[in-house]
């Protein structure tokens, strides 16, 4: 079994120290540091828990409590691509459940559907895909949606989702509906940790991209066209009286 010192090199330690320096209290760097760990391993292993605990002066139990609370931290090795299908209310009603079931069947083997957070292929290897059903992805106006490494693919159908994962398995990286060009899971995790290309041109090419969609801005556009504005709030608004019990 490898140790934290063997798994995480000097560059990772330097990045961890940089994260800690961004906060008044070093323990506040735990969330981005866990993303940093995932950018190295593709998940948060016990070595990753130990690494964060040692860097931040926390107990492993404190780190583990955070890792197991948030679904964005994976406890099993992730594929090259993480495919998250929204199965919350509106996406589910418009086809999200059908998309998820179709991908389960399509990515499964020997007649067994692929399960939640299970991987088709060898984790970390090119073309490998980890599938998960996700809670609201905050794109109800473009439902049903899915994400690949947290980049949006809007207005999906079972057929388009199958085409997408097949392209990923072939090594292709289809352009997301909006936002940055698609990378792999580990690269996305490094960005979530807060590390981006320093060169402006590279940053614009790899990270920056329009996030809005016409559907998202439609209400604001209609309001502007019709001259609608929100009521002006008075400077001094008394609080309503609370009924005495």
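Throughout, read-outs are computed from the coordinates displayed, never taken from laboratory work. A quick note: this is a predicted structure, and the numbers were derived from the prediction, not measured. All Cβ positions, even for glycine, are placed from backbone atoms using ideal geometry, and neighbour counts span all protein chains on display.
Sequence gap at least 6, Cα distance under 8 Å: using those rules, report the relative contact order of the chain to the nearest whole percent.
Working: 364 pairs, mean separation 42.2, N = 245.
Once normalised by length, the contact order is 17 percent.
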- Quick one: among 180, 14, 29, which has the greatest mean-square fluctuation in a GNM of the chain with alpha-carbon springs under 10 angstrom? 14
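Kindly put 31, 82 in sequence by how many other C-beta atoms sit within 10 Å of each C-beta, fewest to most. Walk me through the numbers on the way to the answer.
Values: 31 17, 82 24.
Final ranking by Cβ density, sparse to dense: 31, 82.
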- Inter-label distance for residue 195 and residue 2, nm, one decimal - labels placed 7 Å from Cα along Cα-to-Cβ: 1.5
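How do 54, 6 rank when sorted from fewest to most other Cβ atoms within 10 Å of their own Cβ?
Details: 54 16, 6 9.
Fewest-to-most Cβ neighbours within 10 Å comes out as 6, 54.
Quick one: of the DSSP bridges fully inside segment 81-184, what percent are antiparallel, nearest 5?
Numbers: 10 of 16 bridges.
Counting DSSP beta bridges with both partners in segment 81-184, the antiparallel share is about 60 percent.
Provide Rg over Rh for the chain; use the alpha carbon set for both Rg and the Kirkwood Rh (inverse mean inverse pair distance). The partial results should precede the final answer.
Details: Rg = 21.5 Å, Rh = 20.4 Å.
Taking Rg over the Kirkwood Rh, I get 1.05.
Using 0.36 nm times the number of residues separating residue 212 and residue 243, minus their current alpha carbon distance, what extension gain do you get? Present the calculation step by step, with values, prior to reporting the outcome.
Details: separation 31, 0.36 × 31 = 11.16 nm, distance 4.41 nm.
Fully extending the segment from residue 212 to residue 243 adds 6.7 nm.
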- Taking the Cα atoms of segment 81-184, what is the range of coordinates along each of the three principal axes, in descending order and whole Å? 34, 31, 20
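Based on DSSP, what percent of beta bridges with both residues in the chain are antiparallel, to the nearest 5? It would help to have the intermediate numbers written out before the result.
On the way: 10 of 16 bridges.
Around 60 percent antiparallel, to the nearest 5.
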- Query: What per residue convex hull volume, in Å³, comes out for segment 4-69 when only alpha-carbon positions are used?
  - Reply: 71
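Mean separation of Cα pairs under 8 Å and 6+ residues apart, divided by the residue count of segment 1-116: what relative contact order is that in percent? Each step should come with its number before you reach the end.
Numbers: 99 pairs, mean separation 21.0, N = 116.
It comes to 18 percent, rounded to a whole number.
Given the DSSP H assignment, sum -39500 (n - 2.57) over each helix run of at least 4 residues in the chain and divide by its residue total; what's the result at 222 nm in deg cm²/dmol, nearest 500? Before the final figure, lay out the partial values.
On the way: 10 runs with 100 residues, N = 245.
The helix-only estimate for the chain comes to -12000 deg cm²/dmol at 222 nm.
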- Item | Residue order, fewest to most surrounding Cβ atoms within 10 angstrom, among 28, 211, 128 | 211, 28, 128
